[in-house]
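The values are calculated or read from the model by the stated rules, or taken from the named source; none is laboratory data. If you're wondering where the values come from, they're calculated on a predicted model, not measured in any experiment. Every residue, glycine among them, receives a Cβ derived from its backbone with ideal geometry; neighbour counts consider all protein chains shown. When the accessible area is computed, the model is the full protein with side chains, heavy atoms only, and any ligands, DNA or RNA have been set aside. Shrake-Rupley method; radii C 1.70, N 1.55, O 1.52, S 1.80 Å.
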2 protein chains.
Amino acid sequence: MAQITKPSIPKGTRDFSPLQMARRNYIFDTIKSVFRLYGFQQIETPAMENLSTLMGKYGEEGDKLLFKILNSGDWKGAIDAEALQNESIGKLTTKVSEKGLRYDLTVPFARFVTQYRNEISFPFKRFQIQPVWRADRPQKGRYREFYQCDVDVVGTDSLVSELELIQIVEEVYKRLGINVCLKLNNRKILSGIAEVIGEADKIVDITVAIDKLDKIGLDNVNKELLEKGLPEEAVEKLQPIMALAGTNREKLQTLREVLASSETGLKGVEETETILNLCDAAGVRLNVELDLTLARGLNYYTGAIFEVKALDVQMGSITGGGRYDNLTGIFGMPGVSGVGISFGADRIYDVLTELNLYPADVLVGTQLLFVSFGQAELAYSIAWAKQLREAGLRVEVFPEPAKMKKQMGYADQKQIPYVAIVGGDEMAADKVMLKNMLTGEQKLVSADELKQALL
Amino acid sequence: MAQITKPSIPKGTRDFSPLQMARRNYIFDTIKSVFRLYGFQQIETPAMENLSTLMGKYGEEGDKLLFKILNSGDWKGAIDAEALQNESIGKLTTKVSEKGLRYDLTVPFARFVTQYRNEISFPFKRFQIQPVWRADRPQKGRYREFYQCDVDVVGTDSLVSELELIQIVEEVYKRLGINVCLKLNNRKILSGIAEVIGEADKIVDITVAIDKLDKIGLDNVNKELLEKGLPEEAVEKLQPIMALAGTNREKLQTLREVLASSETGLKGVEETETILNLCDAAGVRLNVELDLTLARGLNYYTGAIFEVKALDVQMGSITGGGRYDNLTGIFGMPGVSGVGISFGADRIYDVLTELNLYPADVLVGTQLLFVSFGQAELAYSIAWAKQLREAGLRVEVFPEPAKMKKQMGYADQKQIPYVAIVGGDEMAADKVMLKNMLTGEQKLVSADELKQALL
């Protein structure tokens, strides 16, 4: 017999209780039903991918954060003492492991699109909701296993896809009751800025600096840029962008002037304007704000960049994404443009919890518990329960004629709103004593009356 | 840049297309809604468990079939040349790996119950639907990643729980439209048989032999038992059991006589009779058949054993389970009795496919596609689509004014039943040309007429 193990789970992972599951399902179901309104369809991919699919896709740091599966069988046969001594950990790892756990949903999606290119009708609109795993150091709000919830359109460069993602953001957060604003940027505008000031390699420094404007003021931002090695002339040219203000249209007008000499930059301005026009045409009421400091996925996105923030809580981005022009190139299928966003389920969960926005009936729990005190009463309860379930009610029968206190305690703990008490008198009258657990009210009811009370 | 990788997935794993996902979701949703009628609540546990939780729970063979996660960071630091040379693969593995992938849902559930024993109200009725992983050799119908769908009650030894699982089986397969029979056995009856013939260690041989009765006949079965080392006297005593026939009640009567000297055996007969009585009281119409050859999980189950077979196809068991008396003992929480069953999603999928039993609308797909030929038409389509989605319709707008053929081809491939064609005339009339893709019929309709046609 194996020895006794104290029960625990790996750090950075979580169990989900029935209440947590109900809340998570509420979030996923809301999001899914909006995705479906726009014709997106669900796929799933395996938890394990070949390491050849995963490695090199997330940078050097990402490769280290992949969870790798030890080869089955005699893995030690693949290494010898010499290899153990002389080879790098990376090299050795490829000898004992050929599979890894999914790190995100993007690379598996790119693999999927390439693998099934001949069966897919493009534009391909898919969503995918599955866990991913990262060997990150766990900390508050950061887990080693967490769900991603991705929605993408690939195979078209039409900006109608950007519009639809914005509409989806609007509808999802309307349904969840969370006030949000959507920040919009465009990689081409950022490239244009770097181009006109002649500092293409300084995009990141520039956006980081602009981001600090509110906190440290214009003078300090300029100082920082100079310290980072930007020539004075370039900092000078940046001033209209630092001062960028007004409505989205006013900002675009300023940018059009500043970026007059950059074809790429003007393309970015034009794309952004088209997206805003489409939003107007579609009656989007969501607060969409052009924000040049938004620079997520800078080495990845090629067009629009999105980020969604909740307005009434302190929380990072709860949704984000953008357009990429070469998703599947790495798998040998070039020229496929796509745009997608990812909903951060864990953060949305926290926002809903903090703002107390879950529907009261989020936990689809038991509606009625039968409490009985003998075998005959138990059989009577079972027959009633069958009838009620046929009417669609969620009903439990306490499985043993235990003490009243124990059975009522069970109803309390499970927050069951009604209890049907069955004794000899009730059986004789072909009724049950229905107790409302919230008010304490009791009354003798027939089966029909019971259904009426609960349905 | 990394080199191009030919896209593929690890053997024994699967991608799921939108249609496959829709079918799987249909199965899971059906099962879940029945679970909820009986007050079962969903939990989830992490994909990775500590190896200390998993090892030793599935036998020596099971330990080998666990997928193990290579420790992050410098795993090679934990082994040296000497260890590599002298230590067993099992010992070495524990040095470089401390986590493994979930092998089933039972052990994580036992771990969960023990870990949260103070927060759970017993009897605890939970269900869990998650993938599990096994490093088995892949073959037809056997995967390295597959979903399990488990439902269990723990913390009561009341046979009402067995009844409820039988009721759940009945209702699930009624809803799915699959004709099934449920085979019922009891570990205590099998133990009783072995006891009265004085051959406690031969239970497995005996049940295997009985199982062959139909195929090879009584004489050959008796011969086989003698060859396996059963004394003639024992084989003689087994004859009434070999000849067991008639209704469930008749079989129980015979068993009661044969097992008269075995307390355990009689207990098993009594439990089975109670379960059958409860089924009668609850109006169960499912075909429940007492079958002594049913011996699954023999070293695990302690009471009732269940197995469900589809009647109209050749397929192994599609659901099975039983009662266990010491689920959580291994984690230091003794004396917790439970009973559970597991629905085999992959086999149910195959049965439904073979019998063509999926609802026609299983794929919740797009209902209407807007087809347009210019930017103005596209904007017009977007505005209409918004309105229709607000009415709950699942609507797509082809994102570019592409050629008619391309747009119609997209509708065809995605099996979208209606297309709304938008040109200058339609815009001028504030209408669209609605085409039924099945019949080819076309008519000019207003927004209200369109809603009426589709809702």
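Table for the structure above
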{"quantity": "Across the identical copies, how the B:Glu82 labels are spaced - nm, sorted shortest first, 7 Å along Cα→Cβ", "calculated": "2.3"}
{"quantity": "Threshold 20 Å² - residues in segment A:4-26 whose accessible area is reduced by that much or more when the chain is no longer isolated, probe 1.4 Å", "calculated": "A:Ile4, A:Thr5, A:Pro7, A:Ser8, A:Ile9, A:Pro10, A:Thr13, A:Asp15, A:Phe16, A:Pro18, A:Met21, A:Asn25"}
{"quantity": "Solvent exposure ordering (accessible area, 1.4 Å, most first) of A:Thr328, B:Thr94", "calculated": "B:Thr94, A:Thr328"}
{"quantity": "Which of A:Glu441, B:Glu164, B:Glu170 is most accessible, then next, and so on - probe 1.4 Å", "calculated": "A:Glu441, B:Glu170, B:Glu164"}
{"quantity": "Cut-off 10 Å between beta-carbons: net charge of the residues surrounding A:Thr94, Lys and Arg +1, Asp and Glu -1", "calculated": "+1"}
{"quantity": "For segment A:33-74: Kirkwood Rh in Å [reciprocal of mean 1/r, alpha carbons]", "calculated": "13.3"}
{"quantity": "Diffusion constant of segment A:164-215 at 20 °C, which comes from Stokes-Einstein with the Kirkwood Cα-pair radius and 1.002 mPa s, µm²/s", "calculated": "159"}
{"quantity": "Cut-off 15 Å between beta-carbons: net charge of the residues surrounding A:Leu255, Lys and Arg +1, Asp and Glu -1", "calculated": "-2"}
{"quantity": "Segment B:368-454: relative contact order as a whole-number percent, Cα under 8 Å and 6+ apart", "calculated": "30"}
{"quantity": "For B:Gly409, inter-copy label distances in nm, listed shortest first [label point 7 Å out on the Cα-Cβ vector]", "calculated": "6.9"}
{"quantity": "Per residue value of the accessible surface for segment A:410-455 (all protein chains in place, 1.4 Å probe), Å²", "calculated": "58"}
{"quantity": "For B:Leu266, net neighbour charge (Lys/Arg +1, Asp/Glu -1) across residues whose Cβ lies under 15 Å away", "calculated": "-1"}
{"quantity": "Segment A:180-302: C-alpha gyration tensor shape, a/c 1.5 cut-off, then a/b vs b/c", "calculated": "prolate"}
{"quantity": "When the convex hull of its Cα atoms is projected in every direction, mean area for the protein assembly as shown (nm²)", "calculated": "45.3"}
{"quantity": "Segment B:180-302, accessible surface, carbon-and-sulfur percent (1.4 angstrom probe)", "calculated": "47"}
{"quantity": "Shape call, segment A:368-454: gyration tensor on alpha carbons, a/c limit 1.5", "calculated": "rounded"}
{"quantity": "Rounded to the nearest 10 Å², the accessible area of A:Glu227 at probe 1.4 Å", "calculated": "140"}
{"quantity": "Residues in segment B:380-403 occluded by at least 50 Å² - accessible area, probe radius 1.4 Å, against chain by itself", "calculated": "B:Ile382, B:Lys386, B:Arg389, B:Pro399"}
{"quantity": "Using a 7 Å Cα-to-Cβ projection, A:Gly59 label spacings across copies, nm, ascending", "calculated": "4.8"}
{"quantity": "Average accessible area per residue (Å²) across segment A:59-133 - probe 1.4 Å, nucleic acids and ligands excluded", "calculated": "39"}
{"quantity": "Neighbour-limited loop hits for trypsin sites (Lys or Arg not before Pro), segment A:388-451 (at most 14 other Cβ within 10 Å; DSSP other than H, G, I, E, B)", "calculated": "A:Lys403"}
{"quantity": "Computed over chain A: relative contact order in percent, which uses C-alpha pairs under 8 Å that are six or more apart", "calculated": "15"}
{"quantity": "Gyration tensor (alpha-carbon) shape descriptor, segment A:276-377, a/c threshold 1.5", "calculated": "prolate"}
{"quantity": "For the pair B and A, total buried accessible area rounded to nearest 100 Å², probe 1.4 Å", "calculated": "9000"}
{"quantity": "Heavy-atom accessible surface of segment A:38-159: percent carbon and sulfur, 1.4 Å", "calculated": "43"}
{"quantity": "Accessible carbon and sulfur surface of segment A:376-430 relative to its total accessible area, %, 1.4 Å", "calculated": "51"}
{"quantity": "Kirkwood Rh (inverse of mean 1/r, distinct Cα pairs), chain A, angstrom", "calculated": "26.5"}
{"quantity": "Solvent-accessible surface (1.4 angstrom probe) belonging to B:Ser17, in square angstrom, nearest 10", "calculated": "40"}
{"quantity": "Closest approach to the A/B rotation axis among chain A Cβ atoms, residue and whole-Å value", "calculated": "A:Ala81, 2"}
{"quantity": "Within the protein assembly as shown, helix-based [θ] at 222 nm, where runs of 4 or more DSSP H residues each add -39,500 (n - 2.57), nearest 500", "calculated": "-13000 deg cm²/dmol"}
{"quantity": "Interchain or long-range residues, amide H under 5 Å from A:Met333's placed H", "calculated": "none"}
{"quantity": "Segment A:192-271 and segment B:188-258: distance between their alpha carbon centers, rounded to Å", "calculated": "87"}
{"quantity": "List of segment A:50-78 residues, accessible area with partners at least 30 Å² below that of the chain alone (1.4 Å probe)", "calculated": "A:Asn50, A:Phe67, A:Lys68, A:Ile69, A:Leu70, A:Ser72, A:Trp75, A:Lys76"}
{"quantity": "Whole-angstrom gap from segment B:389-455 to segment A:418-444, using each part's C-alpha centre", "calculated": "56"}
{"quantity": "Spatial separation of Cα centroids for segment B:18-59 and segment A:25-44, in angstrom", "calculated": "20"}
{"quantity": "Per residue solvent-accessible surface (Å²) - segment B:180-302, probe of 1.4 Å", "calculated": "49"}
{"quantity": "Area accessible to solvent at A:Ser191, 1.4 Å probe radius, in Å²", "calculated": "30"}
{"quantity": "Relative contact order (percent, whole number), segment A:165-320, Cα cutoff 8 Å, 6+ residue spacing", "calculated": "43"}
